[in-house]
Every structure is written in C-alpha cells, then in structure tokens.
1. Any idea which residue in region 101-110 is nearest to Leu150 (Cα to Cα), counting only those that are open to solvent by 30 Å² or more (accessible area, probe 1.4 Å) and touching a helix residue (DSSP H, G or I) at 6+ places or on another chain (Cβ under 7 Å)?
2. Among the residues that make up region 77-88, is at least one of them closer than 18 Å to Thr121 by Cα, within 17 Å of the chain's Cα centre (by Cα), modelled with pLDDT of 90 or more and not aromatic (Phe, Trp, Tyr)?
3. Could you count how many residues in region 101-139 are under 28 Å from Lys27 (Cβ atoms), free of Cβ contacts under 8 Å to residues at least 12 places away in the same chain and assigned to a helix (DSSP H, G or I)?
4. In region 134-163, how many are under 15 Å from Met100 (Cα atoms) and over 15 Å from the mean Cα position of the chain (by Cα)?
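The values are calculated or read from the model by the stated rules, or taken from the named source; none is laboratory data. All values derive from a computational prediction rather than experimental measurement. Cβ sites come from the backbone with ideal geometry, for glycine too, and all protein chains shown count toward neighbours. Heads up: the accessible areas ignore ligands, DNA and RNA and are worked out on the full protein's heavy atoms, side chains in. Shrake-Rupley method; radii C 1.70, N 1.55, O 1.52, S 1.80 Å.
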Amino acid sequence: MSSPCGPEYAPIGDVGAALMMVDSRLKAVYDSKTETDPEQQQMVDQFAASLGPAGVDALLDGACTLIYMFMKWLRTACEDHDKDVIEYVVPALVATMRMMPKTFRPEVIPTMAGLLIAAGTGLSPNLWRAQYGRWTDAEMNPLEATAVLLAEHINRIAGDHDFATRLITEALSRSEQG
C-alpha cells in the first residue's frame with residue numbers, strides 16, 4: 001500500500017552539500033576533535049547563510065535523503081543477518097543521542113528517533129517530519145548529528161572510515177549515469 005510519506009513523493013534536496021557536511025564532521029571525529037572548531041563552525045554558518053531559504057530547505061531535504069539512504073543500507077544489512085533494523089539500530093543511536101545533551105536536547109530525541117524509524121520502515125524522513133510543521137531551529141544540529149551518527153555506525157560495521165561517504169557518492173554517480 002502506498003503512503004503519502006513514501007520516498008517517491010519526497011524531494012531529494014542537496015545531497016552533495018549534506019554529504020559534505022557529514023563527511024567533514026566524520027573526519028573531525030576520526031581525528032579526535034570532539035569540540036566544534038570555531039573556524040569550521042563559522043564556515044558552516046556562512047555557507048548556510050549563503051544558501052537562502054530555498055537552499056536551506058534543499059540542505060534539510062538532502063540530510064533527510066542521507067538518513068533514508070543510510071537506513072536503507074542498514075535495513076538490507078540487518079535483513080541479511082535476520083535482524084530488524086529498528087530493533088538493532090534505533091536503540092543504539094538513541095542511547096548515543098542521550099549521551100550528547102549539548103547536541104541532542106531531550107525534547108528533540110523523539111523527533112530524531114521518529115526520522116530513523118520512518119526511514120527504517122521505508123518512509124521518507126522529510127515527508128514524515130513535514131506532518132508536524134516546519135523544522136525548528138532546535139532541530140538543525142540534531143538533524144545533522146543524526147546523519148553523522150548513522151554514517152559512523154555504517155563505517156564501524158564496514159570497518160572503513162569512508163564507507164558511508166563512498167556508498168552515497170557511488171549511488172549519486174549511478175543516478176547521474178542512468
């Protein structure tokens with residue numbers, strides 16, 4: 001049965017820009033830079049400001065597309081081992097979110113978990129979220145961090161710090177060729 005939140009109805013957004021932000025954060029984590037570099041944050045803020053409202057919406061949609069694609073890969077990996085992606089991935093990521101109170105205030109964790117569950121069940125995270133109104137400022141960093149946590153989770157499973165980024169860039173390359 002089709003859902004109005006199905007991925008076929010969702011805007012893809014600026015996946016390239018979202019992936020660039022996620023990859024940048026991952027590299028910082030792997031370089032043991034847990035505090036946000038003020039210079040890097042200033043560049044990210046300037047980049048976001050240069051986008052304008054339509055560009056910010058495209059970046060948000062791109063981040064949600066990444067979450068969908070990462071969860072789709074994880075769902076396939078879990079099914080190959082007779083595991084349920086919701087049971088296997090969501091509790092671990094929510095536990096990590098709870099350990100990061102500066103990034104994930106308690107009130108945004110249910111929304112981020114909802115995005116993961118929507119994507120894990122084959123729904124578009126951005127269309128699922130749109131049912132509840134516009135994104136709030138309080139959800140911006142948690143959305144980016146959720147995509148980073150998923151990418152890092154995939155990289156850990158694959159044993160390769162660049163696997164999640166390659167997964168998306170190869171999918172983008174294939175879609176441009178087709």
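1. Checked region 101-110; the qualifying residue nearest to Leu150 (Cα to Cα) is Thr103.
2. yes
3. 1
4. Counting residues in region 134-163 that are under 15 Å from Met100 (Cα atoms) and over 15 Å from the mean Cα position of the chain (by Cα) gives 1.
Quick grid of which residues meet (1) under 21 Å from Asp14 (Cβ atoms); (2) at pLDDT 95 or above; (3) of a type in the set (S, T, N, Q):
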{"residue": "Gln131", "(1), (2), (3)": "no, no, yes"}
{"residue": "His153", "(1), (2), (3)": "no, yes, no"}
{"residue": "His161", "(1), (2), (3)": "no, yes, no"}
{"residue": "Arg166", "(1), (2), (3)": "yes, yes, no"}
